[in-house]
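The values are calculated or read from the model by the stated rules, or taken from the named source; none is laboratory data. Nothing here was measured: the structure is a model prediction, and the numbers come from that model. Cβ atoms come from the backbone with ideal geometry, glycine included; neighbour counts cover every protein chain shown. What goes into the accessible areas is simple: the full protein's heavy atoms, side chains included, and nothing from ligands, DNA or RNA. Shrake-Rupley method; radii C 1.70, N 1.55, O 1.52, S 1.80 Å.
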Amino acid sequence: MLEIAIIIAAIAIGSGIALLAGAGVAIAEGYVAGKAVEGMARNPEASDTLRTTMILGQVISESTGVYSLAVSLLLIFTIAVPLFNKLMELLG
Amino acid sequence: MQPEVLFTVFSIPITQSIFFTWIILLILAVASFVFTRNLKTIPTGTQHIVELIVDGIDSLVVKHLGENGRVYTPFIITVALFVFTANIIGLVPGCESPTQDLSVTFTLALIVLIVAHVNEIKVKGLGAYIKGYFSPYWIMFPLNVIGELSKVLSHSFRLYGNIFGGAVILNILYMFVPYVVPIPIMLWFGVFMGAIQAFVFTLLALTYIQIRLE
């Protein structure tokens, strides 16, 4: 019973750490948006092209963040929740 | 994480995502039929909206794939409308977005991959297509294959992660404040993120088709 509790605690900590990847993604996306605004201010006619390219660049750099989100969600919903239900059964 | 099985037909389990995919197909088919009756040269009423969607995506396709790529406009419009409706339908109480199921988004990404590769074979020929895997040197072959597979993974995980993450956050919010407060957050995660992710999925599908032609 204690082993299951330790595994659940480790999964909770691990999925929290996995979400730290969001910090890097946030910095990267902010940088892309800032550069795009610089370009738009300098050359307002190119706004439409710049906006599409900005969204594409942000989305591609977002994929690492989404990977970490998927990893932590998978950890919680496929391992931690069944283990938690089992623990509750054992406790009665 | 296991998809919820609603009922079984001839011992085939019908999951929630399949059921809501059918509903979306029905909505889109009926809407396409109704909105394209009595088309006029000078548009009136709903014809404006239909023309806006078709024109916008058509110009996007021509910008990426050139005039010859126009054959892909119907496919791209279908993908865009399906993903958009699938993201939005999660806002209706009792409905779940099919795109929060990884199998749905993975299938969509796989369809895009197959279209991109068949298009490349059609345009460049089979010899040049196989040779592309061994360029610039033959030793790059494993890297090229992994690169192609990771495209499908990132393409599907992006849509799935965003929609599923939004749904999880909304469900947690419903537990704490069930009334009024979730509405602006539902608008953000449902409508805004749904529209952005649908646009991004379409744009990436186009980019993947275009990248194979270079």
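Odds and ends about this structure:
- Residues of the stretch B:35-68 that are in a loop (DSSP other than H, G, I, E, B) and open to solvent by 70 Å² or more (accessible area, probe 1.4 Å): B:R37, B:N38, B:L39, B:K40, B:T41, B:I42, B:T44.
- Matching option when the condition is closer than 20 Å to B:R158 by Cα and either out of contact with any strand residue (DSSP E or B) (no Cβ under 9 Å at 6 or more places or on another chain) or of a type in the set (A, V, I, L, M, F, W, C) (or both), among A:I7, A:I60: A:I60
- Test: residue in the stretch A:46-60 that is closer than 20 Å to A:A9 by Cα, at the interface with chain B (Cβ under 9 Å from one of its Cβ atoms), surrounded by fewer than 16 Cβ atoms within 10 Å (Cβ to Cβ) and hydroxyl-bearing (S, T, Y): no
- Restricting the first member to the stretch A:54-72 and to residues that are free of Cβ contacts under 8 Å to residues at least 40 places away in the same chain and closer than 10 Å to A:V25 by Cβ, and the second to residues that are buried (at least 17 other Cβ atoms within 10 Å of the Cβ) and of a type in the set (S, T, Y), the beta-carbon pairs closer than 7 Å and six or more apart or on different chains are A:S63/B:S154.
- Test: A:A28 is more than 24 Å from B:F157 (Cα to Cα), at pLDDT 90 or above and either touching a Phe, Trp or Tyr at 6+ places or on another chain (Cβ under 7 Å) or not in a loop (DSSP other than H, G, I, E, B) (or both): no
- In summary, A:F84 fulfils each of the numbered conditions (1) open to solvent by 70 Å² or more (accessible area, probe 1.4 Å); (2) under 13 Å from the mean Cα position of the chain (by Cα); (3) modelled with pLDDT of 85 or more with the single exception of condition (2).
- Pairs meeting the criteria (first residue in the stretch A:74-85 and within 19 Å of B:Y160 (Cβ to Cβ), second residue of a type in the set (S, T, Y) and modelled with pLDDT of 85 or more, beta carbons under 7 Å, at least 6 apart or on different chains) are A:L75/A:S15; A:I76/A:S15.
- Yes/no for B:L203 being closer than 29 Å to B:K124 by Cβ, at the interface with chain A (Cβ under 10 Å from one of its Cβ atoms) and among the aliphatic types (A, V, I, L, M): yes
- Qualifying residues in the stretch B:146-166 (those that are closer than 15 Å to B:I196 by Cβ and either in contact with a Gly (Cβ under 6 Å, 6 or more places away or on another chain) or small (G, A, S) (or both)) - the one nearest to the other protein chains (Cβ to nearest Cβ): B:G161
- Hits in the stretch A:61-73 (condition: open to solvent by 60 Å² or more (accessible area, probe 1.4 Å) and either on the phi > 0 side of the Ramachandran plot or more than 7 Å from chain B (Cβ to nearest Cβ) (or both)): A:T64, A:V71
- Tally of residues being open to solvent by 50 Å² or more (accessible area, probe 1.4 Å) and closer than 30 Å to B:A80 by Cα across the stretch B:111-142: 8
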